[in-house]
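The values are calculated or read from the model by the stated rules, or taken from the named source; none is laboratory data. All of these numbers come straight from a predicted model, not from anything done at the bench. Here the Cβ positions follow ideal geometry from the backbone for every residue, glycine too, while neighbour counts run over all protein chains shown. The protein model used for the area step is the full one, side chains on, heavy atoms only, and it has no ligands, DNA or RNA in it. Shrake-Rupley method; radii C 1.70, N 1.55, O 1.52, S 1.80 Å.
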Amino acid sequence: LTKIICLIYLLDYSSIYLAVKLGIDPTPVNAIDFVKDDEVALLIEPIKYYLESLPSKENVVKINCAISPTTEESVAQIYYIPERIIIDNGLPFHLKGCNSINDYHPLQLPYTECVIKEDIPCLPLEKVFKQCDVEGIQNIKIDTEGCDFGIMLQLIEWLGDKSKDNYPKVVKYETFYADKIDQKNIIAKMTELGYNYNETPSDTIFTLNIPK
């Protein structure tokens, strides 16, 4: 994988998995067109069960790992309820998106007997980029159930020695779990890099300010 522009998604099942299967854009950001034929995509998904269910495309590299919220590499344990168990037991549909690392998701607690636990590699963002020869990014979506802040800091550091030509045009990350001080820190750093931003109740969307 040696491409100047890559489309990166850190996946959560509920928003991306169905979108890939249906062939639709999974985000409200019009600038993001999901895996066009002339682009290369990395699909990073810690749950192998869901990753293997996604269609295979020549221009899509699927990686089974979690992204570490720090620069340390480790082995983590993913807690999830497979789709087949949800259907067979008549469990609430939203549990497909309630996955967590190293502990139960709060919404899994009534159904702990249905939860599957699997060990997965937990890699720093920069290591994944190096392994895949990523030199630049066009769009990135981060939705990691509370680890987004640490991953955003890694992204910002990675961008430090890059040309603006290789900066992502759109960065969207989940801020539902964000600490207010952490959020202000990210906004300040991204603004310094040349991004405008828009906050919604659950996400923050950064758009690169490109002079006309």
From the set of residues in region 188-210 that are without any contact (Cβ under 8 Å) to a residue 24 or more places away in the chain and in a strand (DSSP E or B), which is most open to solvent (accessible area, probe 1.4 Å)? Tyr197
If you go through region 166-187 one residue at a time, how many are without any contact (Cβ under 8 Å) to a residue 60 or more places away in the chain, more than 19 Å from Thr71 (Cβ to Cβ), in a helix (DSSP H, G or I) and within 20 Å of the chain's Cα centre (by Cα)? 2
Selection from region 154-187 of residues that are in contact with a Ser or Thr (Cβ under 9 Å, 6 or more places away or on another chain), more than 17 Å from Glu199 (Cβ to Cβ) and crowded, with 16+ Cβ neighbours inside 10 Å: Gln154, Lys169
Being surrounded by fewer than 19 Cβ atoms within 10 Å (Cβ to Cβ), under 12 Å from Ile47 (Cα atoms) and within 20 Å of the chain's Cα centre (by Cα) is the filter here, so list the residues in region 101-116 that pass it. none
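Looking at Asp25, is it modelled with pLDDT under 75, of a type in the set (D, E, K, R), on the phi < 0 side of the Ramachandran plot and surrounded by fewer than 16 Cβ atoms within 10 Å (Cβ to Cβ)? Break it down into steps so the answer makes sense when it comes.
Details: modelled with pLDDT under 75: yes; of a type in the set (D, E, K, R): yes; on the phi < 0 side of the Ramachandran plot: yes; surrounded by fewer than 16 Cβ atoms within 10 Å (Cβ to Cβ): yes.
Spelling it out, Asp25 is indeed modelled with pLDDT under 75, of a type in the set (D, E, K, R), on the phi < 0 side of the Ramachandran plot and surrounded by fewer than 16 Cβ atoms within 10 Å (Cβ to Cβ).
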When both residues are 6+ apart or on different chains and their Cβ atoms are under 8 Å apart, which pairs have a first residue that lies in region 123-135 and is within 22 Å of Cys147 (Cα to Cα), and a second that is small (Gly, Ala, Ser) and open to solvent by less than 20 Å² (accessible area, probe 1.4 Å)? Leu123/Ala66; Leu123/Ser68; Pro124/Ser68; Leu125/Ser68
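Is at least one residue of region 57-64 within 23 Å of Gln154 (Cβ to Cβ), at pLDDT 50 or above and among the basic types (Lys, Arg)?
Narrowing region 57-64 to residues within 23 Å of Gln154 (Cβ to Cβ): 60-64.
Then drop every residue that is not at pLDDT 50 or above, which leaves 60-64.
From what is left, the residues that are among the basic types (Lys, Arg) are 62.
The answer is yes; a qualifying residue exists.
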Would you point out which residue out of Ile120, Ile140 is closer than 30 Å to Ile87 by Cβ, β-branched (Val, Ile, Thr) and either assigned to a loop (DSSP other than H, G, I, E, B) or open to solvent by less than 20 Å² (accessible area, probe 1.4 Å) (or both)? Ile120
Got at least one residue in region 157-165 being closer than 13 Å to Phe206 by Cα, in a loop (DSSP other than H, G, I, E, B) and modelled with pLDDT of 85 or more? no
Pro82 is checked against (1) under 30 Å from Lys127 (Cβ atoms); (2) without any contact (Cβ under 8 Å) to a residue 40 or more places away in the chain; (3) open to solvent by 60 Å² or more (accessible area, probe 1.4 Å) and fails just one. What number does that condition carry? (3)
Index of the failed condition, Val128 passing every other in (1) out of contact with any Phe, Trp or Tyr (no Cβ under 9 Å at 6 or more places or on another chain); (2) open to solvent by 20 Å² or more (accessible area, probe 1.4 Å): (2)
Considering residues of region 85-100 that are loosely packed, with under 15 Cβ neighbours inside 10 Å and in a helix (DSSP H, G or I) only, the residue nearest to the chain's Cα centre (by Cα): His94
